[in-house]
1. Is the chain best put as rounded, prolate or oblate by its Cα gyration tensor, with a ≥ b ≥ c the root eigenvalues, rounded for a/c under 1.5, and otherwise prolate when a/b is larger than b/c, oblate when not?
2. What's the extension gain from THR263 to ASP73 if we count 0.36 nm per residue and subtract their Cα-Cα distance?
3. If I take every Cα pair under 8 Å that is 6 or more residues apart in segment 200-314, average their sequence separation and divide by the length, what percent do I get for the relative contact order?
4. Where in segment 348-444 are there GluC sites (Glu not before Pro) that are in a DSSP coil and have at most 11 other Cβ atoms within 10 angstrom of their Cβ?
5. Taking amide hydrogens as modeled 1.01 Å from N in the peptide plane, which residues meet the under 5 Å criterion relative to LEU214, leaving out close sequence neighbours?
6. Just to verify a number: what accessible area does ASP188 come out at with the full protein assembly present, 1.4 Å probe, Å² rounded to tens?
7. Put TYR272, TYR138 in order of accessible area, largest first, 1.4 Å probe: what do you get?
8. Could you give me the radius of gyration and the Dmax of segment 146-232, taking only the C-alpha atoms into account and expressing both in angstrom?
Amino acid sequence: MSPQEMIEKALELSTADDTVVIVEEGASANLRFAGNTLTTNGVSRSSQLTVISIVGRGVGVVSRSAVRADGLDDVVAAADHAAEDARPSEDARPLLEGTRSDGWDDPAEPTSIGVFGAFAPALGEAFAAAEAGGRRLYGFAEHEVTTTFVGTSAGARLRHAQPTGRLELNAKSPDMRRSAWTGVSTRDFADVDVMALDAELARRLAWAENRVDLPAGRYETLLPPSAVADLMIYLYWTAGARDALEGRTVFSRPGGGTRVGDTLSSLPLRLYSDPGAAGVECPPFVVAHASGRQTSVFDNGMPLAPTDWISDGRLAGLLQTRHTAELTGLPTTPAVDNLIMRGPEGGRSLEDMIASTERGLLLTCLWYIREVDPQSLLLTGLTRDGVYLVEKGEVVGEVNNFRFNESPVDLLRRLTEVGASEQTLPREWGDYFNRAIMPAIRVPDFNMSTVSQAS
């Protein structure tokens, strides 16, 4: 059966009071390479069915992969029975009145190895340039398209096709002692300039020929968009209204309530999500496979709109379901699958920010990020693949890696410059959250808490 036929049949089979059916059809293609040589390539397909049955206020959820027509009734029956046995859900609300997406009847969108048609020859040229320059390229390119179909007993028939691509490139010196990384996110690989990326990696390996060891301490630090994305995504993930209301997070107001309305930065920052933002488009409606502290299956199909999380430096919103909005008295603001940060007009490029730095550190990326204290959102992690010393506007060498301890919320308070925003690939969270537009930032006293022996 087609995804649409599977949804209609599942809705017909269900004996529950209300039903939500989600079908996700995925297709992916990849290239992997090491030592200036393509090593593997492949394509794959996937299919996932989720049936959400609602009996009274009880909810039953069953998900299965690669369900065939003759197995559909078993999945629906299991979800119905789970709903009958479930305790009442506190987030129970009537399903939203149904709307129908344009193109609902269209099939799932594919991808294939052909998506790399122009990229692969350019990658070969980059291999040749790297070989001639005495460096080795490692990494991978992945492209997937997930087409999501949502049907409900309230009449919703919604469809969204989501292309997601990423390229990660790591260059190493022949002795493997110097390493540099770069990565990009893309919808179709048509906008990827792999030769320019290789040239940037070559420049960074050249910087690393001079080694300078520095002690732990607080340093003026330039964080590129990728590193900023990893920190802001973690902030976003922890910005749940329910947790804030219950006093669990940095967004909780002492004495009760949330910090919505509080100033987080003296600079006129905007942190927001927009399902229609160019280059980082994402589903324009809620897709919830299960209820949690930030999601509700009863909100499936709810339209998503541009949403400010921080506006003009003030906390403007938290992740809300219809249920938590009733508890907080704030608007319903569900999660959106992209994140954008912009500073004041006229933000400078990272190159210009380097040129105006008297003495400081330039990071490449962060990794192994973990939460230390939810009350302050203190995070720890490591630097990776290049920390560089800048003196009098010039990069003069590579320094050792560090472990850092910082709160992204406190960073917003302390940062002194926000650069121009650009689409970027989060290094740490790119597997889970690929769509980000971020600036570089300048922090006068970034906390490099200890020296790391990682290399």
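1. oblate
2. Details: separation 190, 0.36 × 190 = 68.40 nm, distance 5.30 nm.
Taking THR263 through ASP73 to full extension adds about 63.1 nm, to one decimal.
3. Details: 116 pairs, mean separation 24.7, N = 115.
Normalised by residue count, the contact order of segment 200-314 is 22 percent.
4. In loop regions of segment 348-444 (DSSP not H, G, I, E or B), the sparsely surrounded GluC sites (Glu not before Pro) are GLU358.
5. For LEU214, the qualifying residues are ASN400.
6. Per-residue accessible area (ASP188): approximately 80 Å².
7. Working: TYR272 25, TYR138 65 Å².
Largest accessible area first, the residues go TYR138, TYR272.
8. 20.4, 65
The values are calculated or read from the model by the stated rules, or taken from the named source; none is laboratory data. Values in this document were obtained by computation on a predicted structure and should not be read as measured data. No Cβ is skipped: glycine too gets one built from the backbone with ideal geometry, and neighbour counts run over all protein chains shown. For the accessible areas, the whole protein counts, side chains as well, though only heavy atoms, and no ligand, DNA or RNA atoms are used. Shrake-Rupley method; radii C 1.70, N 1.55, O 1.52, S 1.80 Å.
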